[in-house]
1. Hey, can you tell me all the residues within the range 309-325 that are outside any strand (DSSP E or B) and in contact (Cβ under 8 Å) with a residue 40 or more places away in the chain?
2. If you go through the range 221-235 one residue at a time, do you hit one that is surrounded by 21 or more Cβ atoms within 10 Å (Cβ to Cβ) and touching a Pro at 6+ places or on another chain (Cβ under 6 Å)?
3. Within 16 Å of ligand 2 (Cβ to nearest atom) and among the acidic types (Asp, Glu): does that describe Asp301?
4. Is it true that Val340 is within 12 Å of ligand 1 (Cβ to nearest atom) and either over 23 Å from Leu186 (Cβ atoms) or crowded, with 17+ Cβ neighbours inside 10 Å (or both)?
5. Quick one: in the range 160-178, which of the residues that are of a type outside the set (Phe, Trp, Tyr) and away from ligand 3 (no atom under 13 Å from the Cβ) is surrounded by the fewest Cβ atoms within 10 Å (Cβ to Cβ)?
6. Residue under question is Ala347, and the condition is that it be among the small types (Gly, Ala, Ser), under 22 Å from the mean Cα position of the chain (by Cα) and within 16 Å of ligand 3 (Cβ to nearest atom); does it hold?
7. Can you pull out every residue in the range 39-67 that is among the hydroxyl-bearing types (Ser, Thr, Tyr) and either more than 30 Å from Leu78 (Cβ to Cβ) or loosely packed, with under 11 Cβ neighbours inside 10 Å (or both)?
Amino acid sequence: MDGRPVDPESAWSGYAGATRADPSPGAVKRPRSVVVRVIYNRRLRELRRDVMSAKPISLTRFLIQEQHAGHINADLRLLIEVVARACKTISTAVGKGALGGVLGDAGTGNVQGEAQKKLDVLSNEILLEANEWGGHLAGLASEEMEHAHPIPNAYPKGNYLLLFDPLDGSSNIDVNVAVGTIFSVLQCPDGVIEPTDEHFLQPGVAQVCAGYTIYGPSTLLVLTIGRGTHGFTLDREQGSFMLTRRDIRIPADTQEFAINMSNQRHWHAPMQRYVSDLLEGKQGVRGKDFNMRWVASMVADVHRILTRGGIFIYPADRKDLSKPGRLRLMYEANPMAFIVEQAGGAATTGRSRLMDVVPTGLHQRVPVFLGSRHEVETATRYHLEHDSLPA
Ligand code: AHG
Ligand code: MN
Ligand code: MN
């Protein structure tokens with residue numbers, strides 16, 4: 001002993017006890033140094049176990065466990081890893097901001113007539129480059145490319161199709177508000193070697209995986225492979241996504257809605273009635289007050305709903321009758337619907353289940369109602385009741 005007082009409650013109290021214990025009759029008396037070492041090693045094992053059980057597991061380990069459990073195959077696991085790696089690169093570019101020279105307009109437009117930001121173009125390039133040569137894909141499609149992109153013959157090909165919105169919420173890039181990436185994975189139809197647009201036109205229920213990353217105060221990846229929705233936080237020092245929210249659940253009821261209210265005058269009748277009832281709060285038919293939030297980055301608005309509930313709506317309106325809604329079915333609405341349903345929420349077009357919509361175009365738009373199940377059902381009911389009224 002070194003003369004220091006021994007704290008009997010301390011983690012190391014066994015050290016002191018070892019010298020004071022009254023040995024039971026017949027017990028073999030071991031030398032003090034051996035007893036100390038045995039107690040020390042045991043305590044070390046306990047500490048290591050405590051540390052390991054408190055530490056979240058990495059995305060890699062999570063995916064390997066899912067593969068061992070027979071929930072995904074090695075190709076899908078590696079594909080998700082490649083997408084996650086590309087998103088880390090985008091996260092770094094977003095984080096550099098003005099210092100990386102990535103802010104502002106690219107001076108180009110995409111096929112949908114929208115002005116592209118530098119980060120839209122850069123993120124698209126990063127995802128394309130990372131996924132082209134991996135060997136897990138037959139083709140890719142993106143918001144920023146008019147047509148599907150088959151994997152070049154120089155690279156090995158796989159059986160999956162990847163769709164993505166490389167940078168969601170582009171209007172927020174220059175104002176330092178959260179943006180993200182949304183992706184969806186489909187199976188390439190049997191026998192198709194060079195997929196074209198038509199091979200991507202599968203309903204949302206056919207998705208085998210969907211996810212989004214959000215580049216905010218922290219970078220998060222939210223993922224589903226059809227067995228719940230799980231959240232991972234990027235450990236920037238380690239460079240790994242770590243599982244920080246297993247099996248996310250969206251509360252069925254809510255008092256929060258997300259919508260761009262500036263479009264109100266363009267809305268159709270059932271939307272007018274639904275939102276006006278929300279705004280009447282306690283005094284109206286809903287009997288409770290509602291709060292409103294609108295980030296204008298779908299990833300951020302959906303992420304809030306996955307965290308504390310809510311309903312997100314981008315309805316069809318009369319502003320431009322050639323566009324049935326603002327959001328794109330294949331790489332915005334469908335993946336978010338899959339993620340939300342797997343978290344116990346609901347997603348509709350205002351009239352029917354979103355993931356049942358049979359797509360007709362790679363960039364087709366769709367009305368979106370998603371989030372807390374009971375509230376989505378209520379908003380949908382307003383539309384169906386309106387439809388059943390005599391003309
Ligand atoms: P993107 O930046 O990929 O074009 O998507 C923007 C989308 C979505 O993220 C958001 O919910 C919505 O557009 C915002 O629309 P408003 O500009 O009407 O608010
Ligand atoms: Mn988007
Ligand atoms: Mn985008």
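1. Gly309, Gly310, Pro315, Ala316, Arg318, Lys319, Lys323, Pro324, Gly325
2. Scanning the range 221-235, I find no residue that is surrounded by 21 or more Cβ atoms within 10 Å (Cβ to Cβ) and touching a Pro at 6+ places or on another chain (Cβ under 6 Å), so the answer is no.
3. yes
4. no
5. The qualifying residue surrounded by the fewest Cβ atoms within 10 Å (Cβ to Cβ) is Val175.
6. no
7. Within the range 39-67, Tyr40, Ser53 meet the criteria.
Residue by residue, here is whether (1) away from ligand 1 (no atom under 15 Å from the Cβ); (2) modelled with pLDDT of 95 or more; (3) in a helix (DSSP H, G or I) holds:
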site: Ser262; (1), (2), (3): no, yes, yes
site: Met271; (1), (2), (3): no, yes, yes
site: Arg286; (1), (2), (3): yes, yes, no
site: Asp289; (1), (2), (3): yes, yes, no
site: Ala300; (1), (2), (3): no, yes, yes
site: Thr307; (1), (2), (3): yes, yes, yes
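The values are calculated or read from the model by the stated rules, or taken from the named source; none is laboratory data. Predicted model only: the values in this text are computed from it and were never measured. Cβ sites come from the backbone with ideal geometry, for glycine too, and all protein chains shown count toward neighbours.
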